[in-house]
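Taking it in order: structure first as structure tokens, then the write-up.
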Amino acid sequence: MRAPGQRWKIQRQRSNATALLHRGDCSLYEATLGFLDHGEALIALAEPDIEPCHICNPQTGLQSPQ
């Protein structure tokens, strides 16, 4: 199992807000299941309705293959 900082999670879209991609260890959004791997997180960031969290900056962990 990968460390939480090497996994990612999506906070679903709510009303007018866009969905957010978080690092697995981001405390702004708690999740116990449904973590994404490196490839899935890259796909999620490419989606127009998913943005990276501006606090945990999940895209920094995606710069090189894990």
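The values are calculated or read from the model by the stated rules, or taken from the named source; none is laboratory data. All figures in this text were calculated on a predicted structure; none of them were measured in a lab. Don't worry about glycine lacking a Cβ; one is built from the backbone with ideal geometry, like all the others, and counts go over all protein chains shown. Keep in mind that these areas ignore ligands, DNA and RNA; they rest on the heavy atoms of the full protein, side chains included. Shrake-Rupley method; radii C 1.70, N 1.55, O 1.52, S 1.80 Å.
Things worth noting here:
- For region 17-66, a residue qualifies if it is among the β-branched types (V, I, T), outside any loop (DSSP other than H, G, I, E, B), open to solvent by 50 Å² or more (accessible area, probe 1.4 Å) and touching a Leu at 6+ places or on another chain (Cβ under 9 Å), and exactly one does: I43.
- Pairing each residue of region 5-19 that is within 16 Å of L45 (Cβ to Cβ) with any residue that is of a type in the set (S, T, Y) and open to solvent by 50 Å² or more (accessible area, probe 1.4 Å), provided the two are 6+ apart or on different chains, yields C-beta distances under 8 Å for K9/Y29; Q11/Y29.
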